[in-house]
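A.B. asks: Take a look at this one; I'll ask things after.
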Amino acid sequence: MTHLVAYLAVDLAEGNTFSGYACLAYSYALTARSKYTKHPRKSALNFTESGIQKEKSAAPMTVENIYELIQRSGYGFIETIPDAITETFSLASSLENIESLTVIHTLKYLEGLTDLAFGEGRHEWVKNGGVLPKRAKPIESPEKWKAIVELHDQLVERNVRVSFVKEDVDPENYAQTLCKTMAAIGSNSARTLNEAPFNVNDVAPVVLRSCLAYPEFKESYDTKDLIYYFKDLFFSSDPTVQDDNFCMLASAKDDHEVGKRNFTSNYSCIHGHIPPLIHRLKTFFRSEPRYQVMTCSVRLTEFENRDLLRLAEVVPLTDMLRSTSTGSESRYKLVGGKLDLLQENTMGYPFVREIMMMMDFMETIEAESQEHTKIKDVTDVFVKEGKLVLDNAETHKDFSHLASELGIKMTQNFIAHTGFDYPSYLALKKIEADIQSVFFIMSKTHDSNFMSFHTKFVLPDRVLYSTSVRNKYLVRHF
């Protein structure tokens, strides 16, 4: 027999006119041994008969499917609540051999109301107009509630146990917070559509409807691309720029030092495969009206929230993004995000021109004569048999012996720092099985004794260049 646990949330858009609602649910069966009960991303949380929580299920169970629903509504908060319940009941009705439905919510409006709508006197209550508990007035949208009672009766006729559980609002409650974010995406979608030249009620309400078996659900959290291990991605607002297979990345120890040429920043560029979401973000932001070409950036750290990354990959960006623009400056924030995701960079950030100079230097230096450029294959230093050799605790490594092998005499040790001279440990760990070869490329300027150094990682579908700053080392002989 199948059991269904469903989180329900409704969100009101700004202006108190439009709403959105969401249902985050999972089905399970009681089995001899537990299977698929751990949340694939939040390993401390378990799927249980009473919700997603730290405590394990009281009885052995196997999670079957995870359901995600986001819908927009052209109605207010109260009028949208019965729509959310209707969708949840409809989902339960579609399941064969369903034995129980548990609806978890934080809606004060439903306090006492569910006892009337689903209790023994529900038919009389509906017939009399559905007077609200503790209020001498009828419910909003009585016809919707009448239909809900009928759906409830159909479930009861199939011997399905239906229960509503009200939780207190808790920002630390993972499932509750995620469902609320999903509902906010729905309300943001309704608000955005109303700003378009048509009414939100004239458009199909579904933003997302998904059903994934647990293995597929788990796999959906494993798609985090190498790019998302960097802090910022820079691009030009010019829509004619051909950068479908190219992107510029930067990371800095201090956000105020983002992209600046110092010893705590990392510049990287990728040639080859770029995630589709990145293309969609650039296209979206480039469509903003501007009087001049601007340097723009994507704050990739916003996707450290893996749930937001999953949603952004399947939900239209117009529904996921909320404008935080001030004056003539364009900015957008993810619904449920903490900081601006898309922004136009001002004088506090480097211009694309300066970053392009660094990237162009890394890519063209290999063509220089051997008098000024030396290349060393260091694949074994980084990976062996598809596994990363580097230790997570290592902040830096001394490669002085490699410089000596190339005949380079330096005035200091050849120290390279993880996360600055080459990508972070986590970024490299993500691609360890795909690394085909790694090269150190060292080059000396024509008119001084300063040496630059950068790394080149070759993968099946792309090449990653990475460096910290030019002219970082002083050499006596090259």
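The values are calculated or read from the model by the stated rules, or taken from the named source; none is laboratory data. Model, not experiment: these values are computed from the prediction. Because the Cβ atoms are built from the backbone with ideal geometry, glycine has one as well, and the counts that use them run over all protein chains shown.
A.B. asks: Does E216 qualify as being farther than 30 Å from H271 by Cβ, surrounded by fewer than 21 Cβ atoms within 10 Å (Cβ to Cβ), under 19 Å from the mean Cα position of the chain (by Cα) and of a type in the set (D, E, K, R)?
C.D. replies: On the way: farther than 30 Å from H271 by Cβ: yes; surrounded by fewer than 21 Cβ atoms within 10 Å (Cβ to Cβ): yes; under 19 Å from the mean Cα position of the chain (by Cα): yes; of a type in the set (D, E, K, R): yes.
It is true that E216 is farther than 30 Å from H271 by Cβ, surrounded by fewer than 21 Cβ atoms within 10 Å (Cβ to Cβ), under 19 Å from the mean Cα position of the chain (by Cα) and of a type in the set (D, E, K, R).
A.B. asks: While we're looking at this one, here's another question. Give the number of residues within region 224-250 that are farther than 20 Å from L308 by Cα and either in contact with a Gly (Cβ under 8 Å, 6 or more places away or on another chain) or not in a loop (DSSP other than H, G, I, E, B) (or both). Break it down stepwise before answering.
C.D. replies: Step one: of region 224-250, the residues farther than 20 Å from L308 by Cα are 234-250.
Among the residues that remain, those that are also either in contact with a Gly (Cβ under 8 Å, 6 or more places away or on another chain) or not in a loop (DSSP other than H, G, I, E, B) (or both) are: 234-236, 245-250.
Counting residues in region 224-250 that are farther than 20 Å from L308 by Cα and either in contact with a Gly (Cβ under 8 Å, 6 or more places away or on another chain) or not in a loop (DSSP other than H, G, I, E, B) (or both) gives 9.
A.B. asks: Further question: Hey, among the residues in region 43-96 that are farther than 14 Å from S19 by Cβ and of a type in the set (K, R), which one's surrounded by the most Cβ atoms within 10 Å (Cβ to Cβ)?
C.D. replies: K56
A.B. asks: For a quick check of your reading of the model, give me the residue pairs whose first member lies in region 434-458 and is farther than 20 Å from N266 by Cβ, whose second is of a type in the set (S, T, Y) and modelled with pLDDT of 85 or more, with beta-carbon atoms closer than 9 Å and at least 6 apart or on different chains.
C.D. replies: The qualifying pairs are Q436/T379; S437/T379.
A.B. asks: Could you grab me the full set of residues in region 28-57 that are more than 14 Å from N173 (Cβ to Cβ) and in a loop (DSSP other than H, G, I, E, B)?
C.D. replies: If the condition is that a residue be more than 14 Å from N173 (Cβ to Cβ) and in a loop (DSSP other than H, G, I, E, B), then T31, A32, R33, S34, Y36, T37, P40, R41, S43, E49, K56, S57 are the ones that fit.
A.B. asks: For region 372-478, which fully contained helices (runs of 4 or more DSSP H) count at least 1 residues that are of a type outside the set (D, E), in contact with a strand residue (DSSP E or B) (Cβ under 8 Å, 6 or more places away or on another chain) and over 15 Å from L226 (Cβ atoms)? Outline the logic, then answer.
C.D. replies: Details: elements: 379-382, 400-405, 425-431.
Ranges flagged: 379-382, 400-405.
A.B. asks: Being at pLDDT 90 or above and in contact with a Leu (Cβ under 6 Å, 6 or more places away or on another chain) is the requirement here; does L311 meet it? If you could, list the steps in order and put the result at the bottom.
C.D. replies: Working: at pLDDT 90 or above: yes; in contact with a Leu (Cβ under 6 Å, 6 or more places away or on another chain): no.
For L311, the condition - at pLDDT 90 or above and in contact with a Leu (Cβ under 6 Å, 6 or more places away or on another chain) - is not met.
A.B. asks: Provide a single number: the residues in region 326-354 that are under 21 Å from F246 (Cβ atoms), hydrophobic (A, V, I, L, M, F, W, C) and modelled with pLDDT of 60 or more. Break it down into steps so the answer makes sense when it comes.
C.D. replies: Within region 326-354, the first condition is being under 21 Å from F246 (Cβ atoms), and the residues that meet it are 341-345, 349-354.
Next, from what is left, pick out any that are hydrophobic (A, V, I, L, M, F, W, C): 341-342, 351-352.
Right, trim to modelled with pLDDT of 60 or more and you get 341-342.
Qualifying residue count, region 326-354: 2.
A.B. asks: What number of residues within region 301-343 are buried (at least 16 other Cβ atoms within 10 Å of the Cβ) and at positive phi?
C.D. replies: 1
A.B. asks: Something else now. Can you tell me how many residues in region 193-224 are modelled with pLDDT under 85 and polar (S, T, N, Q)?
C.D. replies: Within region 193-224, residues that are modelled with pLDDT under 85 and polar (S, T, N, Q) number 4.
A.B. asks: Would you be able to tell me the number of residues in region 440-449 that are surrounded by fewer than 22 Cβ atoms within 10 Å (Cβ to Cβ) and modelled with pLDDT of 80 or more?
C.D. replies: Of the residues in region 440-449, 1 are surrounded by fewer than 22 Cβ atoms within 10 Å (Cβ to Cβ) and modelled with pLDDT of 80 or more.
A.B. asks: Continuing with the same structure: Go through region 226-244 residue by residue and tally those that are surrounded by fewer than 16 Cβ atoms within 10 Å (Cβ to Cβ) and either among the β-branched types (V, I, T) or out of contact with any strand residue (DSSP E or B) (no Cβ under 9 Å at 6 or more places or on another chain) (or both). Steps first, answer last, please.
C.D. replies: Keep residues of region 226-244 that are surrounded by fewer than 16 Cβ atoms within 10 Å (Cβ to Cβ), which gives 238-244.
With either among the β-branched types (V, I, T) or out of contact with any strand residue (DSSP E or B) (no Cβ under 9 Å at 6 or more places or on another chain) (or both) added as a condition, the list becomes 238-242, 244.
Of the residues in that region, 6 qualify.
A.B. asks: Are there any helices (runs of 4 or more DSSP H) wholly within region 74-178 with 3 or more residues that are touching a residue at least 60 places away in the same chain (Cβ under 8 Å), and if so which? Walk me through it before giving the result.
C.D. replies: On the way: elements: 77-93, 113-118, 122-127, 142-157.
Result: 77-93, 142-157.
A.B. asks: Follow-up question, since we're still on this one. At pLDDT 95 or above and either of a type in the set (A, V, I, L, M) or touching a Gly at 6+ places or on another chain (Cβ under 6 Å) (or both): is that true of I81 in this structure? If you could, list the steps in order and put the result at the bottom.
C.D. replies: Working: at pLDDT 95 or above: no; either of a type in the set (A, V, I, L, M) or touching a Gly at 6+ places or on another chain (Cβ under 6 Å) (or both): yes.
No: the conditions fail for I81.
A.B. asks: Any idea which of (1) under 25 Å from L155 (Cα atoms); (2) more than 26 Å from the chain's Cα centre (by Cα) is the one G74 doesn't satisfy?
C.D. replies: It fails just one condition, (1).
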